[in-house]
Amino acid sequence: MTSFTKFATRAIEQERTVGRGARVYVFLSLIVLLLGGAIGGRLVYLQLITGNYNRQLAENNRIRLIPKPPERGRIYDRHSRILATNRLAYAIYVWPIAQSEAQWQPIIDKLAQVTGIPSGDIRQKMKQAGYQSPHLVKIASNISPRLITYLAEHSSEFPGIQVEPEAVRYYPHGDVAAHVLGYTGEITEAELAKRREKGYRLGDIIGKMGAEFAFEEKLRGSWGGQQVEVDGMERVVKVLGQKPPIPGGSIRLTIDLELQKAAERALGYSRGAVVVLQPQTGEILALVSRPSFDPNVFSTPISQATWERLNSEDKPFINRALQGFPPASTFKIVTTIAGLESGKFTPTSLLPTYPYLDLGGWLFWDHNQAGFGTIGFVEALAYSSNTFFAQVGMTIGVEEIVKWCRRLGLGSHSGIELVREEAGGLVPTPQWKQELVGEPWYIGDTVNLSIGQGDVQATVLQIALVTAAIANGGYRVRPHLLLDNHSPPPKEPIGLQPTTIEVVQRGLEAVTTFGTGAGLSTLIPFAGKSGTAEDPPRPTHAWFTAYAPVQNPQIVVTVFVENAGKGGSAAAGPIVAEIINTYAQRR
């Protein structure tokens with residue numbers, strides 16, 4: 001190869017090498033430009049377009065909101081003795097935003113194993129709150145010290161889980177006054193939907209029954225909280241701000257704790273109810289319903305199985321003092337009033353009594369099956385003569401009896417704050433029977449109504465209020481449980497003639513001196529009325545309602561024993577006497 005040829009070949013090779021380098025340079029430049037553009041675009045997107053959102057995410061991962069529930073207000077009796085208070089306990093909270101939804105799943109399963117809470121329940125609460133929520137969500141209350149220690153020792157296995165102190169409702173007297181106080185529990189989804197606008201939130205503890213429910217707005221208080229900064233290990237490094245929770249207001253009830261305990265001891269384990277009230281003001285001094293329950297059971301969540309077991313035990317959550325039952329012969333107070341106020345009878349009217357009345361083949365027996373001869377209203381109340389009051393009822397008619405039922409408050413709610421548990425009772429009328437049964441009203445229906453049998457129903461509280469109207473001289477009072485600085489609700493005059501009141505008072509006093517309640521012994525004179533209600537095929541119910549002292553009455557006691565199988569004086573009368581004696585001794 002000539003020198004020229006070699007030179008030309010080298011020149012060509014150099015030209016090719018230079019060309020390839022330029023192309024590589026251009027290619028690399030394009031790659032750099034593309035990468036730079038992508039990074040720049042991403043930065044623009046992250047900082048300008050989604051900057052606020054990302055800053056919020058970072059803030060949420062750094063800043064934790066720790067809610068502080070308020071301490072629920074205390075409940076006192078009329079003498080400032082504690083009926084319901086709070087005790088220190090610990091609760092488990094989850095911090096949803098601490099993990100992604102996928103990361104939470106194995107943690108939830110492990111937490112369910114150590115706490116015994118179904119994993120589905122935990123997931124449901126997490127779902128309700130939202131997995132991006134920065135707020136703590138409570139999943140367990142009143143946890144054991146052993147569980148507290150376990151979670152602390154294994155905290156690395158439970159990221160986003162926190163144990164915080166809380167106040168748990170505590171009833172120091174157990175089941176005493178359970179139906180008055182009620183109980184508390186965690187708010188349900190349905191309850192939250194109704195109360196969210198009032199500031200309620202997931203995990204709130206609210207009143208479910210009794211005074212806890214009736215005075216919820218006074219007792220609940222307002223939430224507070226802390227805003228804290230945490231490090232990568234979720235340890236608090238700084239408190240950024242805090243708002244102290246506002247405790248709920250305390251309330252004082254009209255209940256007298258010692259009298260309440262005495263009434264519960266007197267009733268014992270019998271199914272039934274007791275109401276003790278002041279006839280001048282309507283203040284409830286004691287209210288008992290049996291069987292009962294311990295409200296402390298509900299201070300922490302219970303399982304569905306536990307709830308069903310409690311409900312199966314003879315329905316302990318029914319407040320029998322506020323449910324309707326046939327009032328039996330206690331209703332004869334109403335029939336006496338209706339008869340005298342109708343103008344068809346006078347205080348000196350006399351009627352013959354019989355072993356029974358034959359009404360179209362239906363026999364209405366007197367309870368002694370012999371009659372009591374010719375007697376007036378005072379003796380009829382004392383002996384509780386069915387045939388006497390049946391004649392009164394047939395003479396004045398059903399409309400007159402119904403009118404005085406209404407005026408005395410039968411067949412309607414009393415106005416007590418326990419509206420959730422109270423039934424209105426039932427005063428049957430011809431129109432009611434036609435609409436319900438499709439049958440006309442018969443004379444036998446009037447007779448049944450006259451002696452407190454058949455379809456008529458009254459609550460123990462209503463019979464106590466009827467008794468109070470006689471004791472206080474003819475006024476209808478509104479029963480109430482809240483004792484505050486305001487004057488009691490005004491009394492309403494029923495419109496009774498003084499002579500009517502005098503006859504009924506004399507008749508009720510005669511019950512305890514020579515009538516059906518003559519065998520009862522009390523430290524102070526009292527007046528009352530017994531009753532025995534049919535409840536086929538079960539045993540009879542027993543009633544006794546009374547006031548004491550006879551002069552200037554200060555207390556009304558009404559007792560109902562469900563399916564006692566004995567007469568009112570035998571089953572309910574001794575309970576009334578025991579309560580009156582306790583009241584007299586304490587005075």
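Structure notes:
- Peptides 545-558, 77-90, 430-443, 413-426 ranked from most to least packed, by the mean per-residue count of other Cβ atoms within 10 Å: 545-558, 413-426, 77-90, 430-443.
- Normalised by the number of residues in the chain, the mean separation of alpha-carbon contacts (under 8 Å, six or more apart) gives a relative contact order of 13 percent.
- Taking only the C-alpha atoms of the chain, Rg followed by Dmax gives 37.9, 165 Å.
- Peptide packing: for 290-296, 536-542, 145-151, the average count of neighbouring Cβ atoms within 10 Å per residue gives the ranking 290-296, 536-542, 145-151, highest mean first.
- Cα-based convex hull, the stretch 488-587, per residue volume (Å³, whole number): 130 Å³
- Diffusion constant of the stretch 63-252 at 25 °C, which comes from Stokes-Einstein with the Kirkwood Cα-pair radius and 0.890 mPa s, µm²/s: 138 µm²/s
- Length gained when the stretch Leu426-Arg146 is fully extended (0.36 nm per residue, less Cα-Cα span): 95.4 nm
- Distance between the pseudo-spin-label points of Ser312 and Thr346 (7 Å out from Cα toward the beta carbon): 6.5 nm.
- Length-normalised contact order of the stretch 63-252 in % [C-alpha pairs under 8 Å, at least 6 apart]: 35 percent
- Shape of the stretch 344-501, Cα gyration tensor, a/c cut at 1.5: oblate
- Cα long-axis angle, helix 460-471 against the chain (0 to 90 degrees, to the nearest 10): 50 degrees
- Taking the C-alpha atoms of the stretch 529-587, convex hull volume expressed per residue in Å³: 58 Å³
- Degrees, to the nearest 10: 498-513 long Cα axis against longest axis of the chain: 90 degrees
- The stretch 465-504 - Rg and Dmax from Cα coordinates, angstrom: 11.9, 37
- Note that the stretch 432-486 carries a Kirkwood radius of 14.2 Å, evaluated over its alpha carbons pair by pair.
- Entries in Lys68/Lys208; Lys208/Lys332; Lys125/Lys261; Lys403/Lys566; Lys344/Lys433; Lys125/Lys198 that, when Cα-Cα distance is taken, lie over 30 Å: Lys208/Lys332; Lys125/Lys261; Lys403/Lys566
- Approximate spin-label separation Arg87-Trp362, in nm, with each point projected 7 Å along Cα-to-Cβ: 5.7 nm
- Considering only the chain, percent of DSSP beta bridges that pair antiparallel, nearest 5: 95 percent
- Take each peptide in 393-400, 192-199, count the other Cβ atoms within 10 Å of every residue, and average; sorted highest first, the result is 393-400, 192-199.
- Debye intensity ratio in log₁₀ form over the Cα atoms of the stretch 210-355, taken at each q of 0.17 Å⁻¹: -1.15
- Rounded to the nearest 500, the 222 nm mean residue ellipticity of the chain from helices alone is -12000 deg cm²/dmol, with -39,500 (n - 2.57) taken per DSSP H run of at least 4 residues.
- Percent breakdown of C-alpha pair distances by 10 Å bin, ordered from the shortest bin, for the stretch 114-162: 22, 53, 24, 0
- Largest first and in whole Å, the equivalent-ellipsoid semi-axes of the stretch 484-541 read 28, 20, 16, each the square root of five times a Cα gyration tensor eigenvalue.
- With semi-axes defined as the square roots of five times the eigenvalues of the C-alpha gyration tensor, the equivalent ellipsoid of the stretch 340-404 measures 19, 16, 9 Å, largest first.
- Angle in degrees between helix 398-408 and the longest Cα principal axis of the chain, rounded to the nearest 10: 60 degrees
Since every read-out is calculated from the coordinates, none of them should be taken as a lab result. Quick caveat, the model's predicted, so the values are computed rather than measured. FYI the Cβ positions are ideal-geometry reconstructions off the backbone, even for glycines, and counts take in every protein chain you see.
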